[in-house]
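Data first, discussion second: the structure below is written as structure tokens.
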Amino acid sequence: ELILPLAQHPERRQWLLVRASGDAGDLASVISDEIRRLGPDIPLPTVETAQQRRVRIRSDERFYADLTGAYAFLGLLLSTLGLFGILSLEVSQKSREIGLRMAVGAQRRQVIQEVLNRGMGLALPGIAVGLLGAVGVSRLFEGLLFGVVPWDPVSLAGAALLFLAVTVGVSVAPALRAGAVDPGSLLRSE
């Protein structure tokens, strides 16, 4: 916080800072009584201790951090659902092709690997663009960060690994469904 003289920086809101020995909460009523004595039309201030003020200020910071975290979680959830939807749709649309390939000798492991590779093929460009965007945007926020490097390599690597893990996790169910295609039943239905 920066404390400026009122003559240099006039503002409607004013603060009175008092240093006290002992319990500062007991001093609040004495300060309020003295302000009332000086002028009954002066509005009484909100009195809080330095600890209460710190908690209030930090609660604002915590709120914005929680809000940012909630948006990040929502973004991760939406990207997860989108990737799962795309892979599931592709597997269901290609079930006949998968059945034919398995009928002519493709192994279950190969089919599963192909779907996992497709999931990675969809996610890796997004991860690369996201990392480049994060490095670029971090320059804009450099002035707002205190004690934190704007493009921390450990954080960026952690985010990339998180998205890779999510991609593998999301790709497993469609891949296993593709590997479970029964070529005999598909060929009989034709």
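Each row is one residue, and each column tells you yes or no for (1) in contact with a Lys or Arg (Cβ under 7 Å, 6 or more places away or on another chain); (2) not hydrophobic (A, V, I, L, M, F, W, C).
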position: Pro125; (1), (2): no, yes
position: Gly133; (1), (2): no, yes
position: Ser138; (1), (2): no, yes
position: Phe141; (1), (2): no, no
position: Gly147; (1), (2): no, yes
position: Pro150; (1), (2): yes, yes
position: Ser155; (1), (2): no, yes
position: Leu162; (1), (2): no, no
position: Thr167; (1), (2): no, yes
Next item on the list: Go through the residues of segment 174-190 one by one and say whether even a single one is under 15 Å from Gly82 (Cα atoms), open to solvent by less than 80 Å² (accessible area, probe 1.4 Å) and either of a type in the set (D, E, K, R) or at pLDDT 80 or above (or both).
Entry: yes
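Could you tell me whether any residue of segment 92-103 is open to solvent by 70 Å² or more (accessible area, probe 1.4 Å) and under 20 Å from Val170 (Cα atoms)?
Let us first name the residues in segment 92-103 that are open to solvent by 70 Å² or more (accessible area, probe 1.4 Å), namely 93-94, 96-97, 100-101.
Checking the rest, the ones that are also under 20 Å from Val170 (Cα atoms) come to 93-94.
The answer is yes; a qualifying residue exists.
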Notebook entry, point to check: Checking Gly147 against (1) modelled with pLDDT of 90 or more; (2) at positive phi, which test does it fail?
Noted result: (1)
Margin query: Here are the criteria: (1) modelled with pLDDT of 90 or more; (2) surrounded by 15 or more Cβ atoms within 10 Å (Cβ to Cβ). Tell me which single one Leu164 does not satisfy.
Written below: (2)
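For segment 141-156, give me the residue count where each residue is β-branched (Val, Ile, Thr) and surrounded by fewer than 11 Cβ atoms within 10 Å (Cβ to Cβ).
Within segment 141-156, the subset β-branched (Val, Ile, Thr) is 148-149, 154.
Keeping just the survivors that are surrounded by fewer than 11 Cβ atoms within 10 Å (Cβ to Cβ) gives 154.
Qualifying residue count for the region: 1.
How many residues does segment 34-55 contain that are in a helix (DSSP H, G or I) and surrounded by 11 or more Cβ atoms within 10 Å (Cβ to Cβ)? Step through it out loud before you land on a result.
Our first condition is that a residue be in a helix (DSSP H, G or I); within segment 34-55, this holds for 34-38, 50-55.
Keeping just the survivors that are surrounded by 11 or more Cβ atoms within 10 Å (Cβ to Cβ) gives 35-36, 50, 52-55.
The qualifying residues number 7.
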Notebook entry, point to check: Does Gly22 fit the bill of being under 27 Å from the mean Cα position of the chain (by Cα) and either over 30 Å from Leu162 (Cβ atoms) or loosely packed, with under 11 Cβ neighbours inside 10 Å (or both)?
Noted result: no
Notebook entry, point to check: in contact (Cβ under 8 Å) with a residue 24 or more places away in the chain, loosely packed, with under 11 Cβ neighbours inside 10 Å and over 19 Å from the mean Cα position of the chain (by Cα), is that true of Arg109?
Noted result: yes
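The values are calculated or read from the model by the stated rules, or taken from the named source; none is laboratory data. Since we're looking at a predicted model, the values are computed, not measured. As a convention, Cβ positions derive from the backbone with ideal geometry for all residues, glycine included, and neighbour counts pool all protein chains shown. The protein model used for the area step is the full one, side chains on, heavy atoms only, and it has no ligands, DNA or RNA in it. Shrake-Rupley method; radii C 1.70, N 1.55, O 1.52, S 1.80 Å.
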